[in-house]
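Here's the structure we're looking at; comments come further down.
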Amino acid sequence: MIREFGFDDVLFLLLAARWTILLTLAAMAIGGAVALVVAILRIVPFRPANWLAIGYINLVQGTPILGQLFIFFFGFSVFGWNVGAWTAAVTTFSIYASAYLAEIWRGGLQSVPKTQWESSAALGLNYLQRLRYVIIPQAVRINIPPTVGFLVQLVKNTSLASVIGFVELSRAGQMLNNATFAPMAVYLTVAAIYFVICFSLSRASQRLEGRIHVAR
Amino acid sequence: MNYSFRFSSLLAYRDEIIEGLLLTLQLSAATILIGLVIGVVIAALRTGGPGPLRSIATVYVETIRNTPLLVQLFIIFFGLPSLGLRFTANEAALIGLSINLGAYSAEIIRAGIESVRKSQIEAGHALGLNGYQVFRHVVLFQALKAIYPALTSQFILLMLMTSIVSTIGANELFHQASFIDSRTFRSFEVYTAITLIYLGLTLLFRGVFAAIYWCVFVRRPAR
């Protein structure tokens, strides 16, 4: 039974967008925590730790997200854990976010002038204290705009979770298309919702960048 | 854990894998060429084009960069036929990827053009070159050198993103993976192997791009 694409369907898509946002937030929270560790491992003056971090980043950045999604989707059950699409998607996108954020944040950490390291060492702080009280607080300021910019990538890439059957915005669009057979209307609406989310984030990122440069 | 891995069942399908690999390479190469041309044109319009064209270029870049490739592909492959434009899956993939890469490379190239010092452009004009000649002979080469790393990482991302076109049925490498999966039911092994092939492709692309950089920008005398 084919029906018309109407206002209710737009509401349905808007509700589905919650899952896109939720998936983004979950990946950001878990991925961010991992990224902090990886970024620090990447800059500590201990070569094997650097190599480990570089290897991790290259492995994640050098493979397609779609492949990672399928590996986790099928991989969990190989180990006997039966998890749904949500867990597989959160795992994949957390790992994806952690590799990219680690690389972005490393840049921020390294852009803090060397004199800051030296003067905090002269104050008698140990390595972790220097990171915690001197370097990271300054790096956070620099890192906020590119991090918000990365959120745009993350929101867009969560659309791939539809492939393993997780019902977020894109998947909801596919389902509606099957019911209404109005692909142009459905997918343009889907694209418009993504655009509103992503464009506001892009603009926020540009604003923040402008503000930071003014403050200096 | 009592699962026995059988990667060997993949070997029977090496022809499919090679076929998919070649199509992924062709698709990536064609997209890079077309996307780069679109990128240069759009970047030139955004920096020096007449008002209305500049706005159109901006709308194009912002629309493409703020919506997912997956949805763009769906619009091209499922949406456009209702307007009478019908493409095969491979054509739709090439069109979608090129339009997508065009927007990203336009932004990178624009940053490169803006990084060229004004005195260079003024010097070009002083030599009697017109606007197009200054862009072609003075700005473009310097801009490309400045943005080469960013541009090539975008190309590698593009190569990885070609896997997404498997969702509309273009028969590149990732599509072959789901084909082999449907025959062998060795999902984990298939997708792990295919993902590692992509990792190999990433390394290959990096090597090729480093070699091109060396040939074009290092070995060549400054001009």
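Tabulated values for the structure
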read-out	value
Count of residues meeting criterion [touching a residue at least 40 places away in the same chain (Cβ under 8 Å) and open to solvent by 30 Å² or more (accessible area, probe 1.4 Å)] in the range B:26-36	3
Single condition B:Leu101 does not satisfy, out of (1) touching a Leu at 6+ places or on another chain (Cβ under 9 Å); (2) within 30 Å of B:Gly200 (Cα to Cα); (3) within 14 Å of another protein chain (Cβ to nearest Cβ)	(3)
Total residues in the range B:149-163, condition open to solvent by less than 40 Å² (accessible area, probe 1.4 Å) and either closer than 20 Å to B:Ile17 by Cβ or not aliphatic (A, V, I, L, M) (or both)	7
Flag if B:Leu73 is under 24 Å from A:Ala161 (Cα atoms), surrounded by fewer than 20 Cβ atoms within 10 Å (Cβ to Cβ) and at pLDDT 90 or above	no
Count of the range B:164-190 residues which are more than 10 Å from chain A (Cβ to nearest Cβ), in contact with a Ser or Thr (Cβ under 9 Å, 6 or more places away or on another chain) and open to solvent by less than 20 Å² (accessible area, probe 1.4 Å)	4
Neighbours by Cβ (under 6 Å, 6+ apart or cross-chain): first from the range A:1-26, hydroxyl-bearing (Ser, Thr, Tyr); second crowded, with 17+ Cβ neighbours inside 10 Å	A:Thr20/A:Thr158; A:Thr20/A:Glu168; A:Thr20/A:Leu169; A:Thr24/A:Leu154; A:Thr24/A:Val155; A:Thr24/A:Thr158
Residue that is farthest from the other protein chains (Cβ to nearest Cβ) [pool: residues in the range B:191-207 that are open to solvent by 70 Å² or more (accessible area, probe 1.4 Å) and of a type in the set (A, V, I, L, M, F, W, C)]	B:Leu204
B:Gly51, sole failed condition from (1) surrounded by fewer than 12 Cβ atoms within 10 Å (Cβ to Cβ); (2) at pLDDT 90 or above	(2)
Subset tally (residues that are more than 14 Å from chain B (Cβ to nearest Cβ) and either more than 21 Å from the chain's Cα centre (by Cα) or over 21 Å from A:Arg130 (Cβ atoms) (or both)) for the range A:45-84	9
Residue in the range B:161-175 that is in contact with a Pro (Cβ under 7 Å, 6 or more places away or on another chain), closer than 25 Å to B:Leu27 by Cα and polar (S, T, N, Q) present	yes
Any chance A:Leu151 is more than 11 Å from chain B (Cβ to nearest Cβ), open to solvent by 10 Å² or more (accessible area, probe 1.4 Å), modelled with pLDDT of 90 or more and closer than 23 Å to A:Phe93 by Cα	yes
Residue satisfying condition, being surrounded by fewer than 16 Cβ atoms within 10 Å (Cβ to Cβ), free of Cβ contacts under 8 Å to residues at least 12 places away in the same chain and over 30 Å from A:Phe195 (Cβ atoms), within set A:Gln110, A:Gln138, A:Gln129	A:Gln129
Check on A:Arg42, open to solvent by less than 60 Å² (accessible area, probe 1.4 Å), charged (D, E, K, R), more than 14 Å from every other protein chain (Cβ to nearest Cβ) and over 14 Å from the mean Cα position of the chain (by Cα)	yes
Meets criteria (part of a helix (DSSP H, G or I) and either closer than 18 Å to B:Ile156 by Cβ or of a type in the set (Phe, Trp, Tyr) (or both)) for B:Phe77	yes
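The values are calculated or read from the model by the stated rules, or taken from the named source; none is laboratory data. The structure presented is a predicted model; accordingly, all values stated were derived computationally and were not measured. So basically every Cβ, Gly included, is an ideal-geometry build from the backbone, and we count neighbours across all protein chains shown. Surface areas here come from the heavy atoms of the whole protein model, side chains and all, with no ligands, DNA or RNA. Shrake-Rupley method; radii C 1.70, N 1.55, O 1.52, S 1.80 Å.
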